[in-house]
1. What do you reckon, is residue 435 closer than 26 Å to residue 187 by Cα, touching a residue at least 12 places away in the same chain (Cβ under 8 Å) and within 28 Å of the chain's Cα centre (by Cα)?
2. When you go through 7, 20 one by one, which is the residue that is in contact with a helix residue (DSSP H, G or I) (Cβ under 9 Å, 6 or more places away or on another chain) and more than 28 Å from residue 203 (Cα to Cα)?
3. Does residue 344 qualify as being surrounded by fewer than 17 Cβ atoms within 10 Å (Cβ to Cβ), more than 16 Å from residue 43 (Cβ to Cβ) and touching a residue at least 24 places away in the same chain (Cβ under 8 Å)?
4. Go through (1) touching a strand residue (DSSP E or B) at 6+ places or on another chain (Cβ under 7 Å); (2) surrounded by fewer than 18 Cβ atoms within 10 Å (Cβ to Cβ) one by one and return the number of the condition residue 249 breaks.
5. Considering region 292-319 alone, what residues qualify as being outside any strand (DSSP E or B) and either in contact (Cβ under 8 Å) with a residue 60 or more places away in the chain or within 30 Å of residue 192 (Cβ to Cβ) (or both)?
6. Does residue 81 satisfy being surrounded by 18 or more Cβ atoms within 10 Å (Cβ to Cβ) and either at pLDDT 90 or above or touching a helix residue (DSSP H, G or I) at 6+ places or on another chain (Cβ under 9 Å) (or both)?
7. Take the residues in region 277-300 that are more than 24 Å from residue 200 (Cβ to Cβ) and in contact with a strand residue (DSSP E or B) (Cβ under 7 Å, 6 or more places away or on another chain); name whichever of them is surrounded by the most Cβ atoms within 10 Å (Cβ to Cβ).
8. Exactly one condition in (1) within 20 Å of the chain's Cα centre (by Cα); (2) in contact (Cβ under 8 Å) with a residue 60 or more places away in the chain; (3) part of a helix (DSSP H, G or I) is not met by residue 252; state its number.
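The values are calculated or read from the model by the stated rules, or taken from the named source; none is laboratory data. Since the structure is predicted, the reported quantities are computational estimates derived from the model, not experimental observations. FYI the Cβ positions are ideal-geometry reconstructions off the backbone, even for glycines, and counts take in every protein chain you see.
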């Protein structure tokens, strides 16, 4: 095992770093903390670690002071916690000049597969001059697990699939920030945004032919179901789990009632308890496959009793699981807005007014006032526009002091809608809102 580790370390410190699409993921700037990189499988966590290493290299750190070890390597199968200290011993045998004289960056991928890894990480954080980055499959790198295992020594960063700006950057078509868009550029960006809503933001899906994207994305979901839910949590009812997953992915931006879903499964003869379904739902959300938004209320009882709105983690999954043959543009747009708000670390809920009108999001930033956000793909119909404004006005009246925003697919009808908008309501194309530097 030590010989294998030595070979892995030699390869790591001598391998050139790949040129990858830069991600807009912010790391907490708190010295001495372990960086936990979490997110759904295939969202780009390992590539983000390469970006972090490249930034250190550009800042003048030598290449051999940055180490990447994947414990998913079959040569390390069966490794035990008592053997983990060999990683440091073999590294410092290769690079003795860095011991106690330079902070070394260790990136450990899938270390959670080694039972007892937590004690090793805690020990080296307290005793060595190292910066530790941990990444792995989402279900094994949950913030509460890291917080429990490392007892306040870790801070998390979530890697989502590409944002719209990152998508454009990947295609070498990223616009300059904070500069007005020309007419031709706006048309090009609107076309790119429509494509993004269909393809989604998973890095591998960007260069895959359209006909193969569905199989690729469905494969991601299958991997989450099998590895992050069934294997890890011991779930054996594959039929109920797949039905639950399909229900959530087939009804994006829709209200999900566990009570109704349970009764549907019961009527179909699927033997599963409601408690088991609640557990499965939690596992799917913990694995970052789906996001569930509660209703905005100060009553915990109402929050628990009302249905939640369900969204996939990426708009591309909508197309991959659609059974209707429709474009589903409106649902994909709302999903993309929800993920962008989550990417900006907003706390989210949907709003139901006393008159029964619904607003898609109450988005609460870490600092500052919340904002009411309504999403509508097509506002060319005056009745549709009136309905969206009516819901925002009603919610703004009940949530005193909050401003509203209506996000739409493109620039069609923006001028007319802005002129008719109620006071304190802004109307914007969603793609422009996503590309704005300070649009929160």
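1. In short, yes.
2. Only one candidate passes the filter, namely 7.
3. yes
4. Residue 249 satisfies every listed condition except (2).
5. Once the filter is applied, which keeps residues that are outside any strand (DSSP E or B) and either in contact (Cβ under 8 Å) with a residue 60 or more places away in the chain or within 30 Å of residue 192 (Cβ to Cβ) (or both), region 292-319 yields 296, 313, 314, 315, 316, 317, 318, 319.
6. no
7. Within region 277-300, the match that is surrounded by the most Cβ atoms within 10 Å (Cβ to Cβ) is 296.
8. Result: residue 252 passes all but (3).
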